[in-house]
Amino acid sequence: MAQEHNHIISTIVENKPGVLYTVSNLFRCRGFNIDNISVGPAEDIGLARMTIMVKGDDRTIEQVVKQLNKLIDVIKVTRLDPDHIVTRELALIKVNALNTKARSDIINYADIFRARVVDVSSESLMMELTGASDKIDAFIGLMKPFGVREVARTGITALSRGAKSVKIDE
Amino acid sequence: MVRMTGAKALIESLKREKVETIFGISGGALLPIHDVLFDSEIRHILARHEQGAAHAADGYARASGRAGVCMATSGPGATNLVTGLANAYLDSSPVIALTGQVNTYSANTSYMIGRDAFQEADIIGITTPITKYNCQVKSAAEIPGAVRTTFHIATTGRPGPAVIDLPKNIQTEKAEMEFSGNVQIRGYKPNTEPHPIQVKRAVALLLKAERPMILAGGGVNLSNASPELFQLAEFLMTPVATTFMGKSCFPENHPLSMGNIGMHGTRLANKMILEADVLLAVGTRFQDRSTGTLDDFCPDAKIIHIDIDAAEIGKNVDVEVPIVADAKVTVRLIHQQLVDKMKKREDTPWVKRVKEVKEKFLSEMNLGKGDLTSPKLLRELRKLLPENAIIATEVGQNQMWAALHFQTIKPRTFISSGGLGTMGFGFPASIGAKVACPSCPVVDIAGDGSFRMTEQELGTSVTEDIPVIVVVLNNSMLGMVAQWQRLFYKGRYAAVKLGSVPDFAKLAQAYGAEGVRIGSLSEFSEAMKKALKTEVTTVIDIPISPEDDVFPMVPPGKGLKDTVAGM
């Protein structure tokens, strides 16, 4: 078995109903695994960018790229070079803050991680944190002793560094 | 700009795509379209089941090289097309399905998409994994563009099936229609021209090759590359093997022809591919039924792989020279460059060896015990038919016997379900092929099991006056499954005995077709000669032994080197 790694694939797709289904269905049909996926409008009107993290060996990833390219609504597919990208993920984390001590400890940790407090109640704090996924994992780990009530994560999104860009006209 | 209803715009668009025939069945959600079609010169052939309509459109497409069109109403009509579309998808056939759909909007009723309305099915969701493209039209004005786009996508690049879903209210809605204009699709630009450097590398490999071999796949038929392939093979004196889907792309009565490779390929092709030093593979996806175990597939050969679909390159086998382009263009270019660099090759030691092995295997060929065996019958059939006759097959033993023993000579004269292996495909496909090529005799090589699955299309062939000949190799069994049970399951015949019903001759007669049961090879000849002159469909029922096996065979999980000649 060839070695499996995480790969990030950036695709530009037609921003229209059904395109997420078409793409995710391809992964299911061909037995590829999406680790996570994030979708949003791209720089031009009518286009969306899907950032897909997929696990597999090189042959599998090559097939993923080629099969994605075959979809009519997929306009451009690029495998991002892990050494030359910026990846980010956003998380909202709701934590128990039942007393003053807990509250100030949590805010201290939040400062270190540059997380922002976005909602406060008498029993809880909600924080917003952006960064690489392992940073978010670490922060959530630190919050566990206080009691993590809810976590919502966007999944990673990524762009390549420098002036080079994944656009439809190259 | 012209103002008209969506239904009228659809028929006008189809005319502009030069559609002459639609195979289909009507229904509630298609009434506006059928009302327009009623006055149109486009012929609607009323099938007896939507699966038959889809296969007929597929047979039409394969015989003609143009898009085949089928149509079905919403819900069950559309879902009955699904097997036909999956079949066309795996064999890269340009079948276009038009489906009725419930309304996008309905004042004061819930006959609407998303409300679980009467005969509503999400055909876009259902067909996404088995079509090259599909779309649901959301307003009447979109129809001309949707038709142009769909036909363009289905018939160019690697062809494939497509669906246009047409909600009923859109069919009656009026709009200003724009019928001209180019098709511009940002995400679809198939590459037909080969990369010059890869062509050079291919030429260099072929020049040096001592034991070259061509493996021609379905892509050669699809891109009409047979003349170019023929010239290249003769110039280089290169033996040609075909994959199952490639059958008929190279004349099998030619000395360089080796027949099919694969699980039920010829002993010759399966043996010689192991000795080849360069394999020129054209339009093939190296499917498991062709290659056997991958480690043992042409172990000594450097592979040049031409395919229009980039995803096929390196998917199953590693290749030395990848060429993503049209087969016809590329083979012609390779031939031209070789002509500049060398003289036409005459007999080489390799070609002599291939001929010797071919003769040896021919002399050892076992056509079965007795007078009336499938191999003998198919060889006899070849003598009775002109070169342009089209053969369709069902799936199973009948199909593999036809591939092994019926010599094809002209391209697109062998129509069979290779990828999906759809029992019941052959008969409706033969009806479609006959519509495409009315002057060619069309024969469906059937097994009794497969024919039972779509035999109701006898009604279509008789009432629509589309005469074909059905040859039923009748062993009252699901023969291929029974063969595997004999070989690998100790002869335990689970769920394969069909019994000797119906009487196929009487069944044909009940539909107003000719039906005859024969008992010898000479009776078969007589029946065929008569059928070729008859203006109605003829079913020839032929009892064969339920114990007959198809050989040669590569046992499942084995390589081409393990080809078993017979028992």
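Given the condition of a type in the set (A, V, I, L, M), within 15 Å of B:G447 (Cα to Cα) and either not in a helix (DSSP H, G or I) or not assigned by TED's automatic domain parsing to the domain that holds B:L294 (or both), answer yes or no: does some residue in the range B:548-567 qualify?
Scanning the range B:548-567 turns up at least one residue that is of a type in the set (A, V, I, L, M), within 15 Å of B:G447 (Cα to Cα) and either not in a helix (DSSP H, G or I) or not assigned by TED's automatic domain parsing to the domain that holds B:L294 (or both).
At least 1 residues that are on the phi < 0 side of the Ramachandran plot and in contact with a Cys (Cβ under 7 Å, 6 or more places away or on another chain) in each: list the strands (runs of 3 or more DSSP E) lying fully within the range B:204-316 that qualify. Steps first, please.
On the way: elements: B:212-216, B:240-242, B:257-260, B:278-282, B:302-307.
Qualifying strands (runs of 3 or more DSSP E): B:212-216, B:240-242, B:278-282.
Any residue in the range B:69-84 that's closer than 13 Å to B:I124 by Cβ: show its pairings with residues that are assigned to a loop (DSSP other than H, G, I, E, B) at Cβ separation under 6 Å, as long as the two are six or more apart or on different chains.
B:S74/B:V102; B:S74/B:Q119; B:A78/B:A121; B:T79/B:A121
Out of the residues in the range B:306-328 that are crowded, with 18+ Cβ neighbours inside 10 Å and away from chain A (no Cβ under 14 Å), state the one that is farthest from B:Q287 (Cα to Cα).
Going through the qualifying residues, I end up with B:K328.
Residues checked against (1) within 30 Å of B:I391 (Cβ to Cβ); (2) in contact with a Ser or Thr (Cβ under 7 Å, 6 or more places away or on another chain):
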{"site": "B:A47", "(1), (2)": "yes, yes"}
{"site": "B:Y89", "(1), (2)": "yes, yes"}
{"site": "B:V95", "(1), (2)": "yes, no"}
{"site": "B:G100", "(1), (2)": "no, yes"}
{"site": "B:S106", "(1), (2)": "no, no"}
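Residues that are touching a helix residue (DSSP H, G or I) at 6+ places or on another chain (Cβ under 6 Å), among the hydrophobic types (A, V, I, L, M, F, W, C), within 30 Å of B:A565 (Cα to Cα) and at pLDDT 95 or above: does the range B:505-516 have at least one?
no
Which residues, taken from the range B:314-329, are under 26 Å from B:L274 (Cβ atoms) and in contact with a helix residue (DSSP H, G or I) (Cβ under 8 Å, 6 or more places away or on another chain)?
Hits for the range B:314-329 are B:G314, B:K315, B:N316, B:V317, B:E320, B:V321, B:P322, B:I323, B:A327.
Anything in the range B:177-201 that is of a type in the set (A, V, I, L, M, F, W, C) and within 14 Å of chain A (Cβ to nearest Cβ)? List them, or say none.
Selection gives B:V183, B:I185.
Give the range B:288-344 a look and list any residue that's within 22 Å of B:H264 (Cβ to Cβ) and within 22 Å of the chain's Cα centre (by Cα), or say none.
Selection gives B:D288, B:R289, B:S290, B:T291, B:G292, B:N316.
From the residues in the range B:195-205 that are touching a strand residue (DSSP E or B) at 6+ places or on another chain (Cβ under 6 Å) and more than 10 Å from B:I303 (Cα to Cα), which one is surrounded by the fewest Cβ atoms within 10 Å (Cβ to Cβ)?
Within the range B:195-205, the match that is surrounded by the fewest Cβ atoms within 10 Å (Cβ to Cβ) is B:R201.
Looking only at the range B:66-103, which residues are surrounded by fewer than 24 Cβ atoms within 10 Å (Cβ to Cβ), more than 28 Å from B:V220 (Cβ to Cβ) and touching a helix residue (DSSP H, G or I) at 6+ places or on another chain (Cβ under 6 Å)?
B:N80, B:N103
Scan the range A:135-170 residue by residue and report those that are on the phi > 0 side of the Ramachandran plot and either assigned to a helix (DSSP H, G or I) or at pLDDT 95 or above (or both). Steps first, please.
Going through the range A:135-170, the residues on the phi > 0 side of the Ramachandran plot turn out to be A:147, A:155, A:162.
Result: A:G147, single match.
Are there strands (runs of 3 or more DSSP E) fully within the range A:1-114 with at least 3 residues that are of a type in the set (A, V, I, L, M, F, W, C) and within 14 Å of chain B (Cβ to nearest Cβ)? List them. Give the steps one after another, and end with the answer.
Details: elements: A:5-14, A:33-41, A:47-56, A:74-79, A:85-96.
In the range A:1-114, the matching strands (runs of 3 or more DSSP E) lie at A:47-56, A:74-79.
Out of the helices (runs of 4 or more DSSP H) lying entirely within the range B:344-409, which hold 3 or more residues that are closer than 26 Å to B:C437 by Cα? Don't jump to the end; show me each part of the working.
Values: elements: B:349-364, B:374-384, B:397-405.
Per the criteria, B:374-384, B:397-405.
The values are calculated or read from the model by the stated rules, or taken from the named source; none is laboratory data. Just so it is clear, the model here is predicted, and its values are computed rather than measured. Virtual Cβ from ideal backbone geometry, glycine too; neighbours counted across all protein chains shown.
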